[in-house]
Amino acid sequence: TKILRLILGDQLNSQHSWFSMIDDAVTYVMMEVRTETDYAQHHVQKVAGFFAAMRHFADNLQVQKHKVIYLKLTDKSNLQSFEANLNVILERDNYTHFEYQLPDEYRLDIMLKEFANQLLIPVQVFDTEHFFAARNELGDFFEGKKSFLMESFYRAMRKKHQILMEGNNPTTGQWNYDGDNRKKLPKTHKPIDPLVFNTDVSEIVNEMAKTNIKTIGTIDATNFIWPINRTQSLELLEFFVAECLPLFGSYQDAMSPNEWSLYHSRLSFSMNTKMISPLEVIQRAIMEWKDKPERIEYNQLEGFVRQIIGWREYMRGIYWLKMPEYATMNFFNHQEKLPHWFWTGKTKMNCLKDAINQSLHYAYAHHIQRLMVTGNFALLVGIHPDEVDAWYLGIYIDAIDWVEITNTRGMSQFADGGIVGTKPYVSSAAYIDKMSHYCGSCFYNKAKKVGDKACPFNSLYWNFYDRHEDQLAKNPRIGMMYNVWRKMKPEDKTALLQQADYYLKHLNEL
Ligand code: FAD
Ligand code: SF4
């Protein structure tokens with residue numbers, strides 16, 4: 001028997017049962033291919049981060065005496081797609097079996113199924129042993145139901161896995177602490193400096209340049225900041241529980257100029273590549289809370305656990321339930337293109353300038369920047385969801401289709417018409433000002449709705465509701481807004497719509 005096992009770039013789970021023993025009959029294959037670097041225009045740190053983590057993973061397997069074939073981007077024999085490389089290797093070395101782990105991406109799932117179907121040797125598929133829920137678990141849970149409430153799925157996951165539970169009841173008697181977790185950062189509060197790494201990835205970046213891979217954003221190639229292996233990922237987890245968890249919940253929705261990660265964990269890349277598991281992340285956080293109850297209040301911990309066994313598992317479940325249709329949904333029939341400053345950060349809007357510049361610089365923005373700044377703006381001005389998806393899929397270090405598309409098309413753009421969210425996440429300047437320190441130093445005036453330097457969010461907000469009245473007015477969570485709109489004086493309405501119209505015609509100059 002000769003078995004070839006494929007490991008994809010986001011399957012770097014060293015704790016997987018595949019690796020529990022050394023087997024001479026098994027060879028692992030990993031490859032850096034153009035089909036992966038080119039399916040979106042990725043951030044340079046994202047491509048470098050994935051390849052660095054893959055190389056490290058392969059080296060580690062070899063140190064443990066596993067047999068590994070690793071195809072680098074610039075290897076002459078690399079045919080630059082999974083299928084082409086696999087065909088050559090399977091035939092050249094006379095493998096008798098082919099095995100792979102369930103991909104998390106629909107695109108790769110179809111590709112590997114089709115590839116496996118045409119093989120003449122037996123094929124076996126394994127679970128990735130990473131997520132709490134199976135692919136179809138959310139679909140089964142909501143079977144026959146019209147709505148897909150995250151909260152009910154989250155509670156079911158807590159019960160099933162007995163996380164922060166006493167029998168069927170939550171440990172503290174309360175499920176949801178969102179109400180405690182929406183604080184603005186006090187003006188004088190200086191958040192902890194994020195832990196970053198200083199890995200040299202210049203070899204990879206040079207190879208990327210040689211092969212003309214088109215990327216976005218910038219990189220300090222000799223001081224790569226993201227974790228690229230399990231040890232660094234665990235170090236980041238330790239830093240998070242010690243320094244960030246005590247204030248995670250309180251400031252999870254806060255924003256501040258030049259503070260690029262606040263109390264967020266920045267563990268999404270480590271988890272999405274499976275260098276660490278969601279279970280160990282949660283267990284470590286719970287242990288810290290148990291050990292240091294005087295430092296960590298329960299609402300901070302619950303806020304964190306909710307993101308991981310709630311939102312993360314939920315989004316994956318929605319993905320497998322609704323793909324491939326999900327990727328084409330466009331509830332509002334939006335058609336605009338993203339303004340060019342999404343790739344340069346050159347806008348006078350302070351909140352957007354900050355969120356975009358830090359995304360280009362770090363390949364990262366935290367959730368509320370993605371949702372309530374860039375996402376909010378794209379939705380208000382009616383950008384086509386394909387455009388929005390491509391931007392988010394490219395720019396973030398943690399962006400993989402299953403979690404990018406559900407968050408972008410679903411949560412942020414409401415292009416799914418309300419599968420993930422119950423109403424569109426849009427706001428005027430008031431919300432951004434409430435949660436951030438951006439408006440004070442902005443070119444625009446947060447308090448002005450029309451006229452010179454009026455904050456664009458204010459008129460665009462009403463324009464959005466006006467434009468989509470047919471689709472939204474019946475939504476019980478929005479009805480109130482329409483009452484306000486209808487009661488407004490006609491001349492005020494006209495002025496707001498004219499202001500919005502001007503901004504919509506000059507998107508590139510904002
Ligand atoms: P923290 O704030 O520290 O949260 C802890 C963990 O919870 C995260 O690492 C993540 O694994 C999980 N989590 C939190 N919120 C979500 C969520 N809404 N969905 C799924 N998991 C969540 N997340 C990605 O991993 N990849 C993406 O491509 C992605 N694209 C997004 C696009 C948009 C428009 C929006 C609004 C959100 C997106 N998210 C995405 C979700 C979320 O913003 C990121 O997971 C988070 O910002 C990652 O940073 P962190 O690790 O510091 O998170
Ligand atoms: Fe953003 Fe408007 Fe505030 Fe400027 S005034 S930071 S554009 S919300």
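The values are calculated or read from the model by the stated rules, or taken from the named source; none is laboratory data. The structure presented is a predicted model; accordingly, all values stated were derived computationally and were not measured. Here Cβ is always computed from backbone atoms with ideal geometry, including for glycine, and neighbour counts include all displayed protein chains.
Of all residues in the range 344-355, which are farther than 12 Å from L510 by Cβ and surrounded by 17 or more Cβ atoms within 10 Å (Cβ to Cβ)? Even if it seems obvious, please write down each step before you answer.
Here is the first cut: in the range 344-355, the ones farther than 12 Å from L510 by Cβ are 344-345, 354-355.
Listed by number, the residues that qualify are D354, A355.
Answer yes or no: is there a residue in the range 427-448 that is closer than 29 Å to S152 by Cα, within 14 Å of ligand 1 (Cβ to nearest atom), outside the structural domain of L262 (by TED's automatic domain parsing) and buried (at least 24 other Cβ atoms within 10 Å of the Cβ).
no
Residues checked against (1) within 12 Å of ligand 1 (Cβ to nearest atom); (2) within 16 Å of the chain's Cα centre (by Cα):
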| position | (1), (2) |
| --- | --- |
| Q307 | yes, yes |
| I318 | yes, yes |
| L371 | yes, yes |
| A378 | yes, no |
| H384 | no, no |
| G394 | yes, yes |
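With a cut-off of at least 3 residues that are closer than 30 Å to T222 by Cβ, name the strands (runs of 3 or more DSSP E) lying wholly within the range 30-134.
67-71
Condition test on A365, is it within 15 Å of ligand 2 (Cβ to nearest atom) and hydrophobic (A, V, I, L, M, F, W, C)?
On the way: within 15 Å of ligand 2 (Cβ to nearest atom): yes; hydrophobic (A, V, I, L, M, F, W, C): yes.
For A365, the condition - within 15 Å of ligand 2 (Cβ to nearest atom) and hydrophobic (A, V, I, L, M, F, W, C) - is met.
In the range 148-193, which residue that is more than 17 Å from L245 (Cα to Cα) and hydroxyl-bearing (S, T, Y) is surrounded by the fewest Cβ atoms within 10 Å (Cβ to Cβ)?
Of everything passing the filter in the range 148-193, T188 is surrounded by the fewest Cβ atoms within 10 Å (Cβ to Cβ).
Taking only pairs six or more apart or across chains, which ones have beta-carbon atoms under 7 Å, a first residue in the range 418-445 that is of a type in the set (D, E), and a second residue that is within 12 Å of ligand 2 (Cβ to nearest atom)?
Pairs that qualify, where the first residue is of a type in the set (D, E) and the partner is within 12 Å of ligand 2 (Cβ to nearest atom), are D433/C439; D433/K446.
So which residues in the range 421-458 are more than 21 Å from P191 (Cβ to Cβ), within 28 Å of the chain's Cα centre (by Cα) and of a type in the set (V, I, T)?
T422, V426
Against the conditions (1) outside the structural domain of T171 (by TED's automatic domain parsing); (2) within 21 Å of the chain's Cα centre (by Cα), where does E207 fall short? Just the number, please.
All conditions pass for E207, except number (2).
For the range 123-147, which residues satisfy the criterion of being surrounded by 12 or more Cβ atoms within 10 Å (Cβ to Cβ) and either under 26 Å from T171 (Cβ atoms) or more than 24 Å from the chain's Cα centre (by Cα) (or both)?
V123, V125, F126, H130, F131, F132, A133, A134, E137, L138, F141, F142
Being outside the structural domain of A390 (by TED's automatic domain parsing), out of contact with any Pro (no Cβ under 6 Å at 6 or more places or on another chain) and closer than 30 Å to W391 by Cβ: is that true of K72 here? Outline the logic, then answer.
Details: outside the structural domain of A390 (by TED's automatic domain parsing): yes; out of contact with any Pro (no Cβ under 6 Å at 6 or more places or on another chain): yes; closer than 30 Å to W391 by Cβ: yes.
So K72 passes the test.
So how many residues does the range 367-387 have that are in a loop (DSSP other than H, G, I, E, B) and farther than 19 Å from I216 by Cβ? Show your work before the answer.
First pass over the range 367-387, keeping only residues in a loop (DSSP other than H, G, I, E, B): 382, 384.
Remaining after also requiring farther than 19 Å from I216 by Cβ: 382.
Number of matching residues: 1.
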